[in-house]
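Structure, as structure tokens:
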Amino acid sequence: KVVQYNIYELISNEKNILKMLDHNFLMKNVISLKNNEFVFLINEYIRGKTLSKLLKDSGPFTKQQAQFYIASLIIVIQYLHSNHFIHRDIKPENLLLTDEDIIKLCDFGWSKEIDLAKRSTFCGTVEYMAPEIVNNENYDLGIDIWSLGILLYELIHGFSPFNAKNRDRK
């Protein structure tokens with residue numbers, strides 16, 4: 001299926017990035033294996049749930065809860081950016097929570113090492129995409145900050161500002 005869906009680059013990219021980076025708020029790759037038929041990424045076991053599931057189960061977060069998760073995410077995004085990486089798919093489904101409610105950012109398939117050159121690849125999840133990506137313009141690290149803002153809105157209100165299902169909400 002990796003060959004069929006042409007996703008080898010995404011899998012390889014995730015493996016390589018997780019091996020290069022080490023931060024308490026990043027999911028860790030333990031080992032990667034492959035044979036003629038399968039590719040295995042064996043990652044740190046995180047016993048908890050996604051931020052998306054927590055939001056769905058509990059509804060909008062309090063100001064203090066939202067601040068805690070956003071502050072944690074700011075720390076890990078700053079770490080990524082200072083190491084010249086852009087995530088490009090920050091969303092609640094890619095934020096795992098440990099039993100102690102510590103965030104672990106995961107899913108680095110769309111992530112890229114970035115230098116001074118801007119990127120132009122159309123990727124990510126539409127609800128969290130910065131206008132530059134949607135408009136097929138070149139972009140830089142700022143797109144992760146845009147996604148962070150969308151996430152903050154969602155944590156406080158319980159829904160994404162750009163979700164089509166919520167278009168009629170006032």
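The values are calculated or read from the model by the stated rules, or taken from the named source; none is laboratory data. Computed from a predicted model, the values in this text were never measured in an experiment. Cβ: placed from backbone, ideal geometry, glycine included. Neighbour counts: every protein chain shown. Surface accessibility is based on the protein's heavy atoms, side chains included, excluding ligands, DNA and RNA. Shrake-Rupley method; radii C 1.70, N 1.55, O 1.52, S 1.80 Å.
A few notes on this one:
- Charge sum, other residues only, whose C-beta stays under 15 Å from residue 104's C-beta, Lys/Arg counted +1 and Asp/Glu -1: -4
- Over 28 Å apart at the Cα level, from the set 56/118; 56/112; 28/91; 19/91; 28/56; 15/118, are 56/118; 56/112.
- Between the stretch 99-119 and the stretch 1-61, the alpha-carbon centres lie 11 Å apart.
- ³J(HN,Hα) computed for each position of the stretch 34-44 - Karplus, 6.51 cos²θ - 1.76 cosθ + 1.60, integer Hz, glycine/proline x: 8, 9, 5, 10, 10, 10, 10, 10, 9, 10, 3
- Just checking the listed ones, 57, 140, 101: in the Gaussian network model of the chain with Cα springs under 10 Å, the one fluctuating most is 57.
- Computed from Cα atoms alone, the Kirkwood hydrodynamic radius reported for the stretch 1-100 is 15.4 Å.
- Potential lengthening of the chain between residue 20 and residue 152 amounts to 44.7 nm, from the contour at 0.36 nm per residue minus the alpha-carbon distance.
- Cross-link partners of residue 34 among aspartates and glutamates, defined as those whose alpha carbon lies under 20 angstrom from its own and excluding same-chain residues fewer than eight positions apart: 9, 14, 44, 107.
- Ordered from largest to smallest accessible area (heavy atoms of protein chains, 1.4 Å probe), the residues 45, 8 come out as 45, 8.
- Accessible carbon and sulfur surface of the chain relative to its total accessible area, %, 1.4 Å: 53 percent
- Against the chain, whose longest principal axis comes from its Cα atoms, helix 63-82 is set at around 30 degrees.
- Here's the picture: charge each Lys and Arg Cβ at +1 and each Asp and Glu Cβ at -1 in the chain, and of 30, 67, 145 the one pushed furthest to the positive end of that dipole is 67.
- Residue with peak Gaussian network fluctuation, the chain [Cα springs, cutoff 10 Å], from 58, 72, 160: 58
- Computed from point charges on the beta carbon alone (+1 for Lys and Arg, -1 for Asp and Glu), the dipole magnitude for the stretch 22-170 about its Cα centre is near 420 Debye.
- Note on the chain: GNM, Cα springs under 10 Å; of 99, 22, 89, the largest mean-square fluctuation is that of 99.
- Efficiency of FRET between residue 44 and residue 84 - r from beta-carbon atoms, R0 22 angstrom, step 0.05: 0.45
- Shape call, the stretch 67-165: gyration tensor on alpha carbons, a/c limit 1.5: oblate
- The fraction of Cα-Cα pairs per 5 angstrom bin, counted from 0 for the chain, comes to 1, 8, 16, 20, 20, 16, 12, 5, 2, 0, 0 percent, rounded to whole percents.
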